[in-house]
1. Return the residue satisfying two criteria in turn: it lies in the stretch B:6-39 and is of a type in the set (A, V, I, L, M), without any contact (Cβ under 8 Å) to a residue 60 or more places away in the chain and open to solvent by 60 Å² or more (accessible area, probe 1.4 Å), and of such residues it is farthest from residue B:54 (Cα to Cα).
2. Quick one: would you say residue A:272 is touching a Phe, Trp or Tyr at 6+ places or on another chain (Cβ under 7 Å), open to solvent by less than 40 Å² (accessible area, probe 1.4 Å), not basic (Lys, Arg) and not assigned by TED's automatic domain parsing to the domain that holds residue A:140?
3. Would the stretch B:122-145 turn up any residue that is within 18 Å of residue A:295 (Cα to Cα) and either among the basic types (Lys, Arg) or more than 11 Å from every other protein chain (Cβ to nearest Cβ) (or both)?
4. Would you say residue B:171 is out of contact with any Phe, Trp or Tyr (no Cβ under 8 Å at 6 or more places or on another chain), open to solvent by less than 10 Å² (accessible area, probe 1.4 Å) and modelled with pLDDT of 95 or more?
5. Give just the number: which of (1) within 16 Å of ligand 1 (Cβ to nearest atom); (2) away from chain A (no Cβ under 14 Å) does residue B:190 not satisfy?
6. What helices (runs of 4 or more DSSP H) lie completely within the stretch A:293-380 and have 2 or more residues being modelled with pLDDT of 95 or more?
7. Only residues in the stretch A:297-326 that are within 14 Å of another protein chain (Cβ to nearest Cβ) count as the first member; pair them with residues that are open to solvent by 50 Å² or more (accessible area, probe 1.4 Å) and assigned to a helix (DSSP H, G or I), Cβ under 8 angstrom, at least 6 apart or cross-chain, and list the lot.
8. For the stretch A:193-206, give me each residue that is under 27 Å from residue A:244 (Cα atoms) and open to solvent by less than 10 Å² (accessible area, probe 1.4 Å).
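The values are calculated or read from the model by the stated rules, or taken from the named source; none is laboratory data. Quantities reported herein were computed from a predicted structural model and do not represent experimental measurements. Positions of Cβ are generated from backbone atoms using ideal geometry, with glycine treated the same way; all protein chains shown enter the neighbour counts. In case anyone asks, the SASA skips ligands and DNA or RNA and just uses the protein heavy atoms, side chains included. Shrake-Rupley method; radii C 1.70, N 1.55, O 1.52, S 1.80 Å.
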Amino acid sequence: MTYTSLVLKSLIRTPLRTLVTVMAVASALIVFGCITSFMSGAHSAENGAMNRLVVTSKTGAAQPLPLTHVMAIAALEEVEAVSHTTRLNTFSGFERNFVPASAVDPDMAHAVFGEDLALTPAMMAAFTARTDGVLVGRSQALVQNWRVGDRITLSSKLYRTAEGSRDFSFIITGIFDGQTVGTDTHYVIAQYDYINALRSRHVDTVDTIVVKPTAGVRAADLAPVIDNLFANSSGPTRTQTERQFLEAFMAQIADIRSILNAVLLISLLSVLLIITNTMAAAVRERRFEIGVMKAIGLSRSRIATLVLAETVVICGIGAAIGAGVSYAIVAVSDPATGMVFDAGVIARIIALAVLLAGLGGVLPALSALRVSPIKTLRSR
Amino acid sequence: MKHFSIAPLISLTDVCKSYRAGRSEIAIFQDLTLSIDAGEFVAIMGPSGSGKSTLLNMLSGIDRPDSGRIRAGETDLSLATERELTRWRAEHLGLVFQFYNLLPNLTAAQNIELPLLKRPLGRSARAERVRVALELVGLADRGTHRPAMMSGGQLQRVGIARAIVTDPSVLICDEPTGDLDRRSATEILELLRFMQVSQGKTIIMVTHDPAAAAYASRVLHLDKGELVPARQEMAE
Ligand SMILES: Nc1ncnc2c1ncn2[C@@H]1O[C@H](COP(=O)(O)OP(=O)(O)OP(=O)(O)O)[C@@H](O)[C@H]1O
Ligand SMILES: [Mg+2]
C-alpha cells in the first residue's frame, strides 16, 4: 500500500459520487475546450494581416468600386501588388446552403494571397486554363462533398445573366488548404472575367481591392495616399489595414465572444462548487478516520495532501475526458465553425484542470486540517 | 547516560487540566504528579468521568495540560509544537482503542501498514514488518480480511498489531478489552503482557475491569483528580 493507493481507495469508496464529479469536471472542460478551439480558430481578427490594405467604397463596404481604380492603384509606386474581389453571394441547390464565392483576377489574387492560401503553380495553371474554372477551399469541399473535376452550379442572389438566370456553372479545377489550420477555407474562388462577362448588373466594378505595399512602405502611410487619389472621383474610397477591416466584421463576433466567456465562467464556477461540495462531503464522512490517522501519527499536512490529491485525480481524469471529447467534437464539427484543436487548447485545458483542483480542494483540505483527534476519539 | 537510565520514562509534574462547560470550569486534574518507568505495565482504574481518557490523551500528546510538565524520554511534551507531538507519537507510541478504530475500507494488513507509510521504508520492508506484526498477534492468515468480516477479539489484535508495527517503546491502551467477551479479553491481555515481558514495551492501560488490571505490574486508581495506588486486595 502507498499514499497513492490510499487516495485511489478513497475515491472508489463512493464510485457513483466520484463518477458524477469527474463527469461534471469533464463537461465543464468540454465546454471550455470547444469554446477555446473556436476562439483560437478562424474567427480571429488576428488572421488579418497588418501589412495589407483593404480599399472599399467610402459610401459603404457593399457599394461597388469602378474596375479602373484597380489599375490606378496598381500604378502607384508604393504598391507592389493589387487584387480585387467581387462577392457573388451564392448558394448551391437550396438557399440555406450558402456557399460564399468571390470573383478575382487569378494572377492578381495569386500575387497577393497565393502564399496564404498555399496556391501552387500547378493549381494556378489548371485554374486559369478555363475561364469557368474555380478553386474551392478544403472545408467547403468537404461539406459539399465536391471533388476536382466536378461541374457545379452556384446561384447568385446578386447577379443574373442577360437571359435572366441567376445560375452560374463552374468546373472545380483545384482545392486549396491554406497555409495554416487557422486559414478560412470555406469559400470558392471564381474568375472575374467569366462573371463580369455574364452578369447584367454592376459590369466592370469590384467590391473590394486588397493592396500589398512595396517593401519598406508602411501600410498606414499608404492608406491616405490611395484615398486622396480618388477623393474627387466618382468613387471615393475608404482604405484600412486588413486587420482593421476584419475587426469591423469581428465586432459582432466579439459580442458572441463575451456571451461565450460568460457562459464559460458560470460553468467553471459551478463545477468548482461541485468539486468543493464533493470533497467537503468526503472529508465530513471520513472525519472519524482522519482523526484516527492523526492520532496514530500521520501529520496534518499529509492528510491535507491526501485530500488535495483526490481532487487532483478527479480533475485529471475529468481533463483527460474533457480534452478527448473536445477533440472529437472539433474533429467531426462542420469546418465552417472554424474550430481548431491544437496543443495550445490542450495546454489550456490542463492549466484549467490544475486550477480547478487547487481551488476546489483547498476548502476541503483545510477542513481536514482542522479535524481534532481529541474530539474524534471522544465521539466514539 | 547514567542519569538518563534511572530517570523515569514518562513523568507528569503538577499537571492541571480543566474543561469549560458553559460558564463554569470543571477541574479534572489539579497538580497531578505521576512517573512511569520503562518496562512497566501500569493499569489505571476509576469511575466514569474521572479523567482517565483525558490523562491518556495528554500522555499521547493529543491533548495538552493547562499547566505543569509532561516529559517522555528526552521530550518535553508540554513544550512541543503540534508537529513535534505528531512525530513523537508516530515514533514512540502505539495507541490501542476500545473500539479498535480501524479504517473500514482497508484490509487488516493495510490498516497495520498505515503508520509505516511515513517511514523511509520500501514496499517489501513494510510488508515484512506487517507480516511480523500479524504473526505476533496470531493473525498470520488474516491479513487480507476487512474489518467488517472480523470478530471483536480479532479486530483488537489488528489494533494491537497496528500499534506495535512501528516498534514503539510505549503502548497506550484505553479500555482495550471494554468491548470484548471474557475469552477474547483474556487473549488480548495475555498479548499485552507478552508485549511487556518479551518485547520490553511500556504499557499504560485504562480499564474498568479488575481482572484486566490484574495483568498489570502496577495499578493506580484515579478519583476526584487524585491518583492513588490501588489497595492490594483490589488489584489481586
Ligand atoms: N472537550 C470537553 N469539554 C468539556 N468537558 C470535557 C471534555 N472532554 C472531557 N470532558 C469532561 O472531562 C471529564 C473526564 O472525561 P474522560 O473522558 O477523561 O473520563 P473517563 O475517565 O475516560 O471516563 P470513561 O470511563 O467514561 O471513559 C468528564 O466529566 C468529561 O465530561
Ligand atoms: Mg474514557
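1. The selected residue is B:6.
2. no
3. Looking for residues that are within 18 Å of residue A:295 (Cα to Cα) and either among the basic types (Lys, Arg) or more than 11 Å from every other protein chain (Cβ to nearest Cβ) (or both), one finds none in the stretch B:122-145, hence no.
4. yes
5. Only one criterion is unmet by residue B:190, namely (1).
6. A:300-332, A:343-370
7. Note: pairs meeting the criteria are A:297/B:87; A:297/B:91; A:299/B:83; A:299/B:87; A:300/B:82; A:300/B:83; A:304/A:366; A:309/A:4.
8. Within the stretch A:193-206, just A:206 meets the criteria.
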